Amino acid sequence: MVKWLIITLIGCVGLLIILLGLGYLLSENEKSTTLLKNQLEHDAQLQQQKREQQRNLSHYNHADDAEIPSPSDDKSVMKSFETTLINNLTCVTIAQCQVLTVRFKNIDCRLASNIIGASQLKKIATKDLIIEQCPTINSTAQLACQQNICTLISTTH
């Protein structure tokens, strides 16, 4: 009788160890699944934001022609140039910024703008305009997106 009691007790302990092991594996699996699920949700949000940015960018690209008037006199051309530049300095990352060289009749200016502004500024005819001066920029200036504004920063070595 004692023999069967010991065998039963050993069987119950073995079964208990197996159940505890399975419970531990189940909890570890739940943790890793939750982590993976959160990562997938984050990736899906990033993809959605990327799609929205591309949709907005394509909207702006289609609206480029409508936004830029074709002014006839120098003052309105210059006003259009200034307005377009000021309205297109915003950025989130440096990838949205671009350095462009604007050619005036008497001088060439290096300016920073976002991609949308760069494409719009290229369409404005500034080659016949005379400008007093350009912003003084070091020739080794680098493009940056600081405080959500595209800028050229002088580098000192």
Working only within the stretch 134-157, note down all residues that are touching a strand residue (DSSP E or B) at 6+ places or on another chain (Cβ under 6 Å) and either open to solvent by 60 Å² or more (accessible area, probe 1.4 Å) or part of a strand (DSSP E or B) (or both).
-> Gln142, Leu143, Ala144, Cys145, Asn148, Cys150, Thr151, Leu152, Ile153
Determine, yes or no, whether Leu57 is modelled with pLDDT of 90 or more and part of a helix (DSSP H, G or I).
-> no
Is at least one residue of the stretch 121-128 open to solvent by 60 Å² or more (accessible area, probe 1.4 Å) and over 19 Å from Thr84 (Cβ atoms)?
-> no
Scanning the stretch 97-120 for residues that are under 17 Å from Ala141 (Cα atoms), of a type outside the set (Gly, Ala, Ser) and surrounded by 14 or more Cβ atoms within 10 Å (Cβ to Cβ) gives Cys97, Gln98, Val99, Leu100, Val102, Cys109, Arg110, Leu111, Asn114
Given (1) open to solvent by 80 Å² or more (accessible area, probe 1.4 Å); (2) under 16 Å from Ile124 (Cα atoms); (3) at pLDDT 90 or above, Asp74 misses just (3)
If we scan the stretch 129-138, do we find a residue that is of a type outside the set (Asp, Glu) and under 27 Å from Lys50 (Cα atoms)?
-> no
Qualifying positions in the stretch 3-41 - open to solvent by 90 Å² or more (accessible area, probe 1.4 Å) and either modelled with pLDDT under 90 or charged (D, E, K, R) (or both) = Lys3, Glu30, Lys31, Lys37, Glu41
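Conditions (1) at pLDDT 85 or above; (2) of a type in the set (Asp, Glu); (3) not in a loop (DSSP other than H, G, I, E, B), marked per residue:
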| residue | (1), (2), (3) |
| --- | --- |
| Lys79 | yes, no, yes |
| Leu85 | yes, no, yes |
| Ala95 | yes, no, yes |
| Thr101 | yes, no, yes |
| Asn106 | yes, no, no |
| Ser113 | yes, no, yes |
| Leu121 | yes, no, yes |
| Glu132 | no, yes, no |
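The values are calculated or read from the model by the stated rules, or taken from the named source; none is laboratory data. The structure displayed is predicted, hence computed values, not measured ones. Cβ sites come from the backbone with ideal geometry, for glycine too, and all protein chains shown count toward neighbours. For the accessible areas, the whole protein counts, side chains as well, though only heavy atoms, and no ligand, DNA or RNA atoms are used. Shrake-Rupley method; radii C 1.70, N 1.55, O 1.52, S 1.80 Å.
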